[in-house]
Amino acid sequence: MTRSENTRKRLWRWRNNPLRRRDDIVEAWIVLAVWAVVAVGGTVAGLVTAHAALDMFAHQRADRQAVRAVLLNDVPRPALAMGGSTDRRMTSVSWMTPEGATRTGRTLVDTGLKAGAHIRVWQDGQGRLTAAPPTTTEATIESGFLGIAAAASLAGLVFGTGAVVRWRLERRRIDQWGREWDLVGPQWGHKTG
């Protein structure tokens, strides 16, 4: 099959022929609209989501800062590691806020440390304990995944909607064919007796 024959075959719904129905044209436009929305809308959704995530991560890096904290309790190592034990435990720490106030809170720390040991924790602009902000590389990778997820979600939603509409059109064509067959079918039957 040559390239032009293949193109004509794919565009049959737009060609003028006696078998083409109005629903065929509607379905062709739906398919075209679905692909256009997936291509353009998916790209836009992915880029906007990735850019917003990068901005959020940059804001986190600017807002959060590392401070020294003091352990208030010993954090012993587990006596016997069973299965999936971790090397980090929740314990109380004390640290200074940017305004100079002393705060106390709980955070995950490595096991085997004694009370009074100095560790590094992260605080936000209000002096509350928070997780470490993602590095630039981590932020870029996570933003990319979020952008891909947004584009895939939009594509899934649009393809699903298009599939439902095409299914409804197909049901309508089958029902119409059934009604027409009920009118014409008896004329083709063999009459006996």
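Before moving on, here are some points about what is shown:
Conditions (1) among the aromatic types (Phe, Trp, Tyr); (2) touching a Leu at 6+ places or on another chain (Cβ under 9 Å); (3) at pLDDT 90 or above, marked per residue:
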residue	(1), (2), (3)
THR2	no, no, no
THR7	no, no, no
LEU32	no, no, yes
ALA39	no, no, yes
PHE57	yes, no, yes
TRP95	yes, yes, no
THR107	no, yes, no
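- Candidates PRO133, PRO98: the one that is open to solvent by less than 80 Å² (accessible area, probe 1.4 Å), more than 32 Å from the chain's Cα centre (by Cα) and under 30 Å from ALA52 (Cβ atoms) is PRO98.
- Some residue of the stretch 25-43 being of a type in the set (Asp, Glu) and exposed (fewer than 15 other Cβ atoms within 10 Å of the Cβ): no
- Within the stretch 138-193, tally of residues that are surrounded by 12 or more Cβ atoms within 10 Å (Cβ to Cβ), out of contact with any helix residue (DSSP H, G or I) (no Cβ under 7 Å at 6 or more places or on another chain) and of a type in the set (A, V, I, L, M): 5
- Inclusion of GLY100 among residues that are assigned to a loop (DSSP other than H, G, I, E, B) and of a type outside the set (Asp, Glu) is warranted.
- Residue count for the stretch 109-130, restricted to those that are surrounded by 13 or more Cβ atoms within 10 Å (Cβ to Cβ) and not hydroxyl-bearing (Ser, Thr, Tyr): 12
- Residue within the stretch 66-84 that is at pLDDT below 85, closer than 30 Å to GLY144 by Cβ and in a loop (DSSP other than H, G, I, E, B) present: yes
- All positions within the stretch 109-119 that are touching a residue at least 40 places away in the same chain (Cβ under 8 Å) and either over 16 Å from SER92 (Cβ atoms) or outside any strand (DSSP E or B) (or both): LYS114, ALA115, GLY116, ALA117
The values are calculated or read from the model by the stated rules, or taken from the named source; none is laboratory data. Note that the coordinates shown come from a computational prediction; the quantities given were computed from them, not determined experimentally. Positions of Cβ are generated from backbone atoms using ideal geometry, with glycine treated the same way; all protein chains shown enter the neighbour counts. Each accessible area value is taken on the protein alone, full model and side chains, heavy atoms only, with ligands, DNA and RNA left out. Shrake-Rupley method; radii C 1.70, N 1.55, O 1.52, S 1.80 Å.
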